[in-house]
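In what follows, a single structure is set out as structure tokens and then discussed.
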């Protein structure tokens, strides 16, 4: 259920965590992604899907990085 991993995004090392939590007697997952040394941006997502939280978290990070001009539209579309 818990995940604490390192991944790479556009040549930058990034950290990724998933933690379960209970909300109204149901199991949910909270994902966080950040890339120390590159940007203070944090991608975050909450969902009931353990398999889907990673993709949503990465997508949130990429959208924020694109919005702040750190990555191009072409790079963002890959995610």
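Miscellaneous remarks
- Acute angle (nearest 10 degrees) that the helix 53-67 long axis makes with the longest principal axis of the chain, alpha-carbon atoms: 30 degrees
- Entry note, the chain: relative contact order of 19 percent, from Cα contacts under 8 Å with a spacing of 6+ residues.
- 10 Å-binned pair-distance histogram of the chain (Cα, whole percent): 20, 50, 24, 6, 0
- Cut-off 13 Å, label 7 Å out along Cα→Cβ of residue 1, residues of the stretch 26-48 by amide N: 26-30
- Helix-only [θ]222 nm of the chain, DSSP H runs n ≥ 4, -39500 (n - 2.57) each, per residue, nearest 500: -7500 deg cm²/dmol
- Label sites at residue 66 and residue 48, each approximated as a point 7 angstrom past Cα along Cα to Cβ, lie 2.8 nm apart.
Every number in this text was worked out from the coordinates using simple rules, so none of it is lab data. Keep in mind it's a predicted model, so treat the numbers as computed, not measured. Cβ atoms come from the backbone with ideal geometry, glycine included; neighbour counts cover every protein chain shown.
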